[in-house]
Amino acid sequence: MTDLHRSGPSTRAVHAGEGPRGVHDPVVNPIVLSTTFMSEPDGDGPVLYQRYGNAPNHVLVEARLAALEGAEDAVVVGSGMAAMSLAVISVVSAGDHVVATEAIYGGTRGLLEKELPRFGIETTFVDLSSPSWTDAFRPNTKLLIGESPSNPLLRVLDLRPIADEAHARGAVMIVDSTFASPVNARPLEHGVDLVMHSATKYLAGHSDVTAGVIAGSRERVNAVRDRAKVWGPALDPHAVWLLERGMKTLALRMERHNANGIAVAAWAETQPGIARVHYPGLASHPDHAVAKQVLDGFGGMVGLELAGGGEAAARFVRALKVAKLAPSLGGVETLISEPRYTSHAGMSPERRAANGIRDGFIRVSLGIEDATDIIADFEQALAAANVGVEHEASAAD
Ligand SMILES: *Cc1c(COP(=O)(O)O)cnc(C)c1O
């Protein structure tokens, strides 16, 4: 294990957390379905139980996740939202205040805006890229929540100074690092207290598992684990096993996601039918300099603003042959979504536009297909989108 902690992410993704193996032991970690486990007769030692998240499949995948994040410990639960909810309630109590990034996942926004007020916990949303965000702190602020890269503009936060500000004011910082995966970013290295992932996305990587993870110090993760035992969002051992299987190729997949991101973003920037490309690997992105410093890869998420607006986007998504129109992200297949119908459907078009998401915005989660095939697919879909634009222009003449 000591050696593994010095090894690279690809080796960790395959081996971290494995116990010693001998002759005739299975190479692949088996699924243990037993809900309960034999106890010590004198009551010593932990009680093992699937809901407690301490059964063999959980223990292995948690050790692997901790190794990938550079964390002391990690806990895996039934969804990304379960991970975020438990992390939040492990830190705040009635009467506390939360500061959270404005550019936050819709489910987390719902938790903060709709659920926590019922327990006497208020949240102030801020733009963490603007220096005045610290004005939102109150004497009872106990928690700061960041998300990086953000959805769908891929804003990248320089976490170290932000975490320092939070700590100076006695607050704990949680970062949703789903879009980066531990291969592209490790927020704990930048002073963050807890890192959260929707493991449904890159960690599992095949769009066939719903899971979530929280990693950090042993003490903070145990506080989350204690809540998980009581609130009960345990991950089924089959799903844990699928997550472990998916994670073996995490570093390999991220290499391709990163390469496809750069290839598609660079191609898109040359297209007259695309007004603007949002990708932290492009010099034109507002956070490019930060991204170069804090990320080990720019990722597979790209935002495209079609020049023809909402109508062009409607034609573009219908013309796609390789990419699939579906929400979610981080899988091996390229998925496209329009934030106006998915993550930002709850906002008015005006409010969306004020947040930089005009109609015609297409969010792309690049899979691991060949970049040339994805680009060819987008090229023909863009042509179909623009034929419509010309047609409309002449019809209006
Ligand atoms: C999907 C997602 C979540 C929620 O994860 P689930 O596994 O769907 O519960 C949280 N944050 C981000 C950034 C996500 O993309």
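Hey, what number do you get for the chain at 222 nm if only DSSP H runs of n ≥ 4 count, each worth -39500 (n - 2.57), divided across all residues, to the nearest 500?
-11500 deg cm²/dmol
With a 10 Å cut-off between alpha carbons and a GNM built on the chain, which of 365, 132, 217 moves the most?
Largest GNM mean-square fluctuation: 132.
Just want the answer: with Cβ charges of +1 for Lys and Arg and -1 for Asp and Glu, which residue in 202, 61, 230 is farthest toward the dipole's positive end in the chain?
230
If you take the square roots of the eigenvalues of the alpha-carbon gyration tensor of segment 105-179 and sort them as a ≥ b ≥ c, do you get rounded (a/c under 1.5), prolate (a/b over b/c) or oblate? If you can, show how the numbers build up before the last one.
On the way: a/c = 1.86, a/b = 1.08, b/c = 1.72.
Because a/c hits 1.5 or more and a/b fails to exceed b/c, segment 105-179 counts as oblate.
For the chain, take the longest principal axis of its alpha carbons; what is the angle in degrees between that and the long axis of helix 250-269, to the nearest 10 within 0 to 90?
It is inclined by approximately 20 degrees.
What residue among 271, 50, 293 has the largest mean-square fluctuation in a Gaussian network model of the chain, using Cα springs under 10 Å?
Answer for the Gaussian network model of the chain: 293.
Using the Cα centre of segment 238-397 as origin and beta-carbon charges of +1 (Lys, Arg) and -1 (Asp, Glu), tell me which of 273, 339, 283 is placed farthest towards the positive end of the dipole.
339
Which of 88, 322, 209 moves most in a GNM of the chain, Cα contacts under 10 Å?
Residue with maximal mean-square fluctuation among 88, 322, 209: 322.
Treating the beta-carbon of each Lys and Arg as +1 and of each Asp and Glu as -1, no other charges, what is the dipole magnitude of the chain about its Cα centre, to the nearest 20 debye?
With Lys and Arg at +1 and Asp and Glu at -1, about 320 debye.
Would you list 378, 137 from fewest to most Cβ contacts within 10 Å?
Ascending Cβ contact count within 10 Å gives the list 137, 378.
Among 279-288, 349-358, 99-108, how do they line up by average Cβ neighbours within 10 Å per residue, starting with the highest?
By packing density, highest mean first, the sequence is 99-108, 279-288, 349-358.
What FRET efficiency comes out for the pair residue 324/residue 40, r = Cβ-Cβ distance, R0 = 41 Å, nearest 0.05?
0.20
For each of 178, 36, count neighbouring Cβ atoms within 10 Å of the residue's Cβ, then give the residues from fewest to most.
The order, fewest Cβ neighbours first, is 36, 178.
May I ask which residue of 380, 357, 317 lies farthest towards the positive end of the charge dipole of segment 316-381, with charges of +1 (Lys, Arg) and -1 (Asp, Glu) on Cβ and the Cα centre as origin?
357
Given Cβ point charges of +1 (Lys, Arg) and -1 (Asp, Glu) and nothing else, what value in debye, to the nearest 20, does the dipole of segment 257-397 about its Cα centre take? Can you show the working numbers first?
Details: 11 positive and 17 negative charges, 83 e Å.
It comes to approximately 400 debye.
Roughly what would the spin-label model give for residue 130 and residue 369, points 7 Å off Cα along C-beta, in nm?
Label-label distance for residue 130 and residue 369, simple model: 4.0 nm.
Which FRET efficiency value, to the nearest 0.05, is calculated for residue 354 and residue 284 with the Förster distance at 25 angstrom and r the Cβ-Cβ distance? Spell out each step's value before the answer.
Working: r = 21 Å, r/R0 = 0.83.
My answer for the efficiency is 0.75.
Taking the square root of 5 times each eigenvalue of the Cα gyration tensor, what semi-axes in Å does the equivalent ellipsoid of segment 177-266 have, largest first?
26, 18, 9
Take the alpha-carbon positions of the chain, form their convex hull, and give its projected area averaged over all directions (one quarter of the hull surface) in nm². Don't jump to the answer; show the numbers that get you there.
Details: hull surface 87.5 nm².
With the hull built on Cα positions only, its mean projection is 21.9 nm².
Could I have the simple spin-label model distance between residue 118 and residue 292, label points 7 Å from Cα toward Cβ, reported in nm to one decimal?
Once both label points are built, they end up 4.8 nm from each other.
Looking at the square roots a ≥ b ≥ c of the eigenvalues of the Cα gyration tensor of segment 285-332, which shape do they give, rounded for a/c under 1.5, prolate if a/b is larger than b/c, or oblate?
Cα axes put segment 285-332 in the oblate bin.
List 229, 248 from most exposed to least, where exposure is judged by having the fewest other Cβ atoms within 10 Å.
The order, fewest Cβ neighbours first, is 229, 248.
Let a ≥ b ≥ c be the square roots of the eigenvalues of the Cα gyration tensor of segment 136-291; is it rounded (a/c under 1.5), or, if not, prolate (a/b larger than b/c) or oblate?
On the way: a/c = 2.49, a/b = 1.23, b/c = 2.02.
Oblate.
Would you mind getting me the FRET efficiency between residue 47 and residue 15? Use the beta-carbon distance for r and R0 = 30 Å, nearest 0.05.
Between residue 47 and residue 15 the formula returns 0.60.
How big is the charge dipole of segment 41-118 about its Cα centre, in debye rounded to the nearest 20, if each Lys and Arg gets +1 on its Cβ and each Asp and Glu gets -1 on its Cβ?
Charge dipole, segment 41-118, about its Cα centre: 360 debye, nearest 20.
Values quoted throughout were computed directly from the atomic coordinates according to the rules given, and no laboratory measurement underlies them. Remember, predicted model here, so these are calculated numbers, not experimental data. Reconstructed Cβ throughout: ideal geometry from the backbone, glycine too, with neighbour counts over all protein chains shown.
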